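The values are calculated or read from the model by the stated rules, or taken from the named source; none is laboratory data. Here the structure is a predicted model, which is why all the values come from computation and not from measurement. Neighbour counts run over all protein chains shown; Cβ positions are idealised from the backbone, glycine included. Side chains are part of the model used for accessible areas, which takes the heavy atoms of the whole protein and leaves out ligands, DNA and RNA. Shrake-Rupley method; radii C 1.70, N 1.55, O 1.52, S 1.80 Å.
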Amino acid sequence: MEHVCYVLYSKRHSKIYIGETSQLINRFKSHNKLAKKGWTIKYRPWKVVYVEFCDSKSNAIKREKQLKSSRGRSFIHNEILSTY
């Protein structure tokens with residue numbers, strides 16, 4: 001099963017969300033429509049702005065932690081969100 005690390009962006013609220021999953025489509029639907037509680041429901045709608053494929057869950061979690069660091073957030077804001 002392939003895992004991904006992903007970044008969501010809410011333009012309306014200027015928020016980012018970083019996560020990992022093996023079911024990106026289902027997870028995206030959950031963030032945008034299905035979930036009834038949690039942090040992401042307050043900032044809908046979300047757009048997938050970045051996806052990295054990883055060969056294992058542990059590598060996806062490791063990359064997620066890197067992207068959540070200050071250096072990773074700088075990368076997201078400077079390299080990815082500059083086009084939004």
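Within the set of pairs 6 or more residues apart or between chains, which connect a residue that is within 14 Å of TYR17 (Cβ to Cβ) and assigned to a helix (DSSP H, G or I) inside the stretch 70-84 to a residue that is of a type in the set (S, T, N, Q) and open to solvent by less than 100 Å² (accessible area, probe 1.4 Å) with Cβ atoms less than 8 Å apart?
GLY72/GLN66
Residues of the stretch 1-30 being in contact with a strand residue (DSSP E or B) (Cβ under 8 Å, 6 or more places away or on another chain), farther than 19 Å from TYR84 by Cβ and assigned to a loop (DSSP other than H, G, I, E, B), which ones?
Across the stretch 1-30, the qualifying residues are GLU2, SER22.
From the set of residues in the stretch 3-25 that are hydroxyl-bearing (Ser, Thr, Tyr) and over 20 Å from ASN78 (Cβ atoms), which is most open to solvent (accessible area, probe 1.4 Å)? Before the answer, list the steps.
From the stretch 3-25, those hydroxyl-bearing (Ser, Thr, Tyr) are 6, 9-10, 14, 17, 21-22; that's our starting set.
Going one step further and asking which of them are over 20 Å from ASN78 (Cβ atoms), we end up with 21-22.
Working: THR21: 18, SER22: 43 Å².
Across the stretch 3-25, the extreme among qualifying residues is SER22.
Any residue in the stretch 18-37 that is more than 14 Å from the chain's Cα centre (by Cα), under 16 Å from VAL4 (Cα atoms) and among the small types (Gly, Ala, Ser)?
So far as the stretch 18-37 goes, no, none of its residues is more than 14 Å from the chain's Cα centre (by Cα), under 16 Å from VAL4 (Cα atoms) and among the small types (Gly, Ala, Ser).
In the stretch 68-84, which residues are open to solvent by 100 Å² or more (accessible area, probe 1.4 Å) and among the charged types (D, E, K, R)?
ARG71, GLU79
State the number of residues belonging to the stretch 53-62 that are open to solvent by 40 Å² or more (accessible area, probe 1.4 Å) and not in a loop (DSSP other than H, G, I, E, B).
The qualifying residues number 6.
If I ask for residues that are of a type in the set (S, T, N, Q) and free of Cβ contacts under 8 Å to residues at least 40 places away in the same chain, which ones from the stretch 59-69 would you list?
First pass over the stretch 59-69, keeping only residues of a type in the set (S, T, N, Q): 59, 66, 69.
Matches in the stretch 59-69: GLN66, SER69.
Which one of LYS42, LYS33, LYS65 is assigned to a helix (DSSP H, G or I), touching a His at 6+ places or on another chain (Cβ under 9 Å), modelled with pLDDT of 95 or more and open to solvent by 90 Å² or more (accessible area, probe 1.4 Å)? Working first, answer last.
Values: LYS33 fails: touching a His at 6+ places or on another chain (Cβ under 9 Å); LYS65 fails: touching a His at 6+ places or on another chain (Cβ under 9 Å).
Of the residues listed, the single one that is assigned to a helix (DSSP H, G or I), touching a His at 6+ places or on another chain (Cβ under 9 Å), modelled with pLDDT of 95 or more and open to solvent by 90 Å² or more (accessible area, probe 1.4 Å) is LYS42.
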